[in-house]
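Accompanying notes for the structure given below.
The values are calculated or read from the model by the stated rules, or taken from the named source; none is laboratory data. The structure displayed is predicted, hence computed values, not measured ones. For neighbour counting, all protein chains shown are included, and Cβ atoms are generated from backbone atoms with ideal geometry for every residue, glycine included.
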Amino acid sequence: MLAEAEPLLSVRNLKKYFPIRGGVLSRVSAYVKAVDDISFDINKGETFGLVGESGCGKTTAGRAILRLLQPDAGTIRFDGIDLLGLRKQELRRKRRDMQIIFQDPYASLNPRMTIRTIVGEPFAIHGLASGTEREHLVADLLKTVGLDPVVMRRYPHEFSGGQRQRIGIARALALKPKLIVADEPVSALDVSIQAQIINLLADLQQQFGLTYLFISHAIPVIEHISTRIGVMYLGKLVEVGTSAQICLAPKHPYTQALLSAVPIPDPAARKQRIVLRGDVPTPINPPAGCRFHTRCPIAVDRCKVEEPPLREIEEGRDAACHLL
Amino acid sequence: MTDVLEVRNLKTYFYTDEGIVKAVDDVSFSVPKGRTLGLVGESGCGKSVTAMSITRLVSPPGRIVGGEILLNGRDLLSMSEQEMRQVRGAQISMIFQEPMTALNPVLSVGFQIAEAVLAHEKVSRREAWSRAVEAMKAVAIPDPEKRAKDYPHQLSGGMRQRIMIAMALVCHPALVIADEPTTALDVTIQAQILELLDSLREQYHLSLILISHDLGVIAEVAETVAVMYAGKIVEIGPAMDVFHNPKHPYTEGLLRSVPRLGSSVQKKDRLEVIEGMVPNLLHLPEGCSFAARCYKRTVECTERPILLEHIAEQEVRCIHAR
């Protein structure tokens with residue numbers, strides 16, 4: 001698929017801080033800098049993978065982009081429109097074009113609704129189709145995701161994890177969105193079911209020309225599905241590049257360590273790995289300078305004081321490191 | 001090599017209102033001294049129930065209905081509950097997936113480790129405490145004297161898992177069962193914990209059973225691998241053979257369906273999949289439980305129970321494996 005001149009989604013200097021309140025007066029005592037100044041583009045028809053460990057801000061980034069969380073700073077251009085400038089009504093209309101698939105297929109479907117209601121809800125919210133028309137649309141959606149339309153009368157608890165995730169996908173597809181944010185969509189599933197859902201997402205992308213923002217901590221999954229990948233650490237993007245650039249020849253020391261920590265399903269491949277010492281520092285008081293310097297095997301004095309900007313270090317690859 | 005643990009024809013069934021669930025059905029394996037057995041399979045395959053059966057912690061409606069579990073030659077299933085208590089924690093210990101729920105939030109971690117010593121050995125409180133600190137040092141917790149006074153919430157996930165490991169090791173058990181010990185952890189922390197477990201195993205000549213759904217984790221540390229499906233071991237053998245030359249179609253499918261690091265060398269659009277779903281354990285088919293999803297399926301597969309057969313170094317439960 002060819003990338004168009006203007007990216008479908010363009011994120012610039014996005015920030016999302018969560019205040020921590022304390023004391024009798026609930027004064028703001030500090031901020032969790034969950035997403036701290038990240039910028040990236042996603043082209044139409046591609047899959048952009050956002051990868052990182054827990055607490056790195058990848059989920060917050062996904063939600064802030066959909067304005068499910070109100071960003072504190074930055075701009076988000078989606079499909080030629082500045083999302084942060086939209087008023088409630090306009091945003092609501094725009095939301096048809098951007099949908100989300102959640103990680104936990106058990107928590108993201110209302111247990112008291114039938115599948116018909118769940119998958120038909122987007123039409124109800126946007127006042128699009130009703131009655132038998134909606135019924136037909138729901139049936140079609142279920143078929144698209146590989147479920148028999150007779151399941152419409154059933155409730156979420158009657159389905160397995162993989163089937164529920166299919167239902168969640170059907171709901172996300174209902175309004176023919178342009179962008180889908182998939183937040184750890186296969187992490188809760190068994191290995192053999194994971195592959196089925198990953199294939200389904202790839203098929204749907206082809207069929208409907210979808211663009212994905214795919215958020216996951218599972219690096220092999222991200223590599224398989226993504227065109228380009230952004231690696232996050234403590235609220236910052238540390239490296240962005242094509243999936244081959246990131247996974248075959250990582251440049252940032254954190255990306256290198258992250259990749260070397262991935263266990264390979266082959267006993268012959270037990271390898272020398274870069275084992276990072278210590279834990280991820282808290283995003284409440286991130287280290288000064290480069291946020292990774294406390295665990296970085298090659299850090300120098302400069303890294304402790306000066307924050308490295310994300311800059312292009314080769315064709316198509318950006319990295320935030322002084323030593324590259 | 002002497003076997004520290006030998007499990008023979010273990011059967012653990014759950015007698016539910018809807019019927020009998022054969023969670024573990026005729027499972028046999030052994031763990032030699034100082035070695036690691038990897039138990040791999042998807043949710044509901046019976047790998048955790050196998051672990052609970054070895055420690056005799058299966059709770060009703062579950063019951064161990066058959067087989068033998070020999071620890072250094074002594075049958076655990078014929079022991080009294082009193083005797084079994086002396087085995088748990090002292091000779092066999094367990095490490096669980098979620099350290100936050102396995103630890104008591106209102107007691108210091110040092111106290112909780114020392115408690116394990118006091119439960120099994122006649123030592124003073126002071127000595128138990130110093131043993132706890134020593135164990136924390138062994139699992140590479142920095143500043144153990146000070147950290148021992150911390151409560152679980154003051155530690156990170158990786159540190160809590162180290163505490164669990166320290167607790168498991170403090171009485172020098174012969175066998176440690178680690179049930180998904182790194183599943184709740186981030187990859188960089190997972191790498192630390194796996195490295196630690198492996199070095200402790202070597203240092204203390206521990207026998208280890210590592211249970212995981214993650215083929216990568218299993219490949220990383222196990223010498224012998226047992227693959228479980230619907231309550232049965234479908235393939236068991238040396239890790240190299242099972243991973244490089246899987247003989248059961250389920251093992252084969254499982255290995256093919258995981259995305260691998262480095263796949264962008266030749267990008268494929270689709271992953272290979274195992275079609276269908278795990279069967280309901282309440283209504284298992286007569287013959288091979290995997291038959292419905294298997295590409296090698298023939299009529300014979302569904303006619304009679306399929307037995308484990310030796311093929312070279314492996315044992316495989318499939319009539320088409322040869």
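Brief remarks on what is shown
- Qualifying residue in region A:90-108 (condition: small (G, A, S), over 30 Å from A:P286 (Cα atoms) and away from every other protein chain (no Cβ under 14 Å)): yes
- Verdict on B:V242 being closer than 28 Å to B:A222 by Cα, more than 13 Å from chain A (Cβ to nearest Cβ) and surrounded by 16 or more Cβ atoms within 10 Å (Cβ to Cβ): no
- For region A:269-290, filtering for residues that are within 12 Å of chain B (Cβ to nearest Cβ) and either surrounded by 19 or more Cβ atoms within 10 Å (Cβ to Cβ) or of a type outside the set (V, I, T) (or both) leaves 11.
- Meets criteria (crowded, with 19+ Cβ neighbours inside 10 Å, part of a strand (DSSP E or B), in contact (Cβ under 8 Å) with a residue 40 or more places away in the chain and under 15 Å from the mean Cα position of the chain (by Cα)) for B:S53: no
- Subset of region A:221-236 [closer than 27 Å to A:D190 by Cβ and either of a type in the set (A, V, I, L, M, F, W, C) or assigned to a strand (DSSP E or B) (or both)]: A:V221, A:I222, A:I225, A:I229, A:V231, A:M232
- Residue in region B:220-238 that is more than 7 Å from every other protein chain (Cβ to nearest Cβ), modelled with pLDDT of 90 or more, buried (at least 18 other Cβ atoms within 10 Å of the Cβ) and over 23 Å from B:E309 (Cα atoms) present: yes
- Only one entry in B:R322, B:R297, B:R270 is over 26 Å from B:Y13 (Cβ atoms) and within 11 Å of chain A (Cβ to nearest Cβ), namely B:R270.
- Test: B:A292 is under 26 Å from B:T224 (Cα atoms) and of a type outside the set (D, E, K, R): no
- Test: residue in region A:291-303 that is part of a loop (DSSP other than H, G, I, E, B), within 30 Å of A:R164 (Cβ to Cβ), modelled with pLDDT under 95 and more than 13 Å from chain B (Cβ to nearest Cβ): no
- Checked against the criterion of being at pLDDT below 85 and either within 30 Å of A:L147 (Cα to Cα) or assigned to a loop (DSSP other than H, G, I, E, B) (or both), the candidates B:R260, B:R322 yield just one match: B:R322.
- Matching option when the condition is away from every other protein chain (no Cβ under 14 Å) and either under 30 Å from A:D279 (Cβ atoms) or in contact with a strand residue (DSSP E or B) (Cβ under 6 Å, 6 or more places away or on another chain) (or both), among A:A188, A:A218, A:A172: A:A172
- Given (1) within 13 Å of another protein chain (Cβ to nearest Cβ); (2) within 20 Å of the chain's Cα centre (by Cα), number of the condition B:S263 does not satisfy: (2)
- Being more than 24 Å from A:F102 (Cβ to Cβ) and out of contact with any strand residue (DSSP E or B) (no Cβ under 7 Å at 6 or more places or on another chain) is not true of A:E53.
- Tabulated pairs, region B:166-194, first more than 13 Å from chain A (Cβ to nearest Cβ) and among the β-branched types (V, I, T), second outside any helix (DSSP H, G or I) and crowded, with 21+ Cβ neighbours inside 10 Å, C-beta under 6 angstrom, 6+ apart or interchain: B:V176/B:S93; B:V176/B:L206; B:V176/B:L208; B:I177/B:M94; B:I177/B:I209
- Filtered residues of region A:237-258 (kept if more than 7 Å from chain B (Cβ to nearest Cβ) and in a helix (DSSP H, G or I)): A:Q245, A:I246, A:P253, A:Y254, A:T255, A:Q256
- Exclusive hit being β-branched (V, I, T), buried (at least 21 other Cβ atoms within 10 Å of the Cβ), within 16 Å of the chain's Cα centre (by Cα) and within 30 Å of A:K15 (Cβ to Cβ), set A:I246, A:I215, A:I169, A:I198: A:I215
- Exactly one residue out of B:G73, B:G67, B:G19, B:G41 is under 24 Å from B:L194 (Cβ atoms) and not polar (S, T, N, Q): that is B:G41.
- Within region B:108-189, helices (runs of 4 or more DSSP H) holding 1 or more residues that are touching a Gly at 6+ places or on another chain (Cβ under 7 Å) and buried (at least 17 other Cβ atoms within 10 Å of the Cβ): B:109-120, B:125-138
- Condition met for A:P220 (within 30 Å of B:S212 (Cα to Cα) and buried (at least 23 other Cβ atoms within 10 Å of the Cβ)): no
- Among the residues making up region A:201-212, those that are facing chain B (nearest Cβ under 10 Å) and either out of contact with any Phe, Trp or Tyr (no Cβ under 8 Å at 6 or more places or on another chain) or surrounded by fewer than 19 Cβ atoms within 10 Å (Cβ to Cβ) (or both) are A:A202, A:D203, A:Q206.
- Some residue of region B:8-21 being within 25 Å of B:V217 (Cβ to Cβ), touching a Cys at 6+ places or on another chain (Cβ under 9 Å), in a strand (DSSP E or B) and not aliphatic (A, V, I, L, M): no
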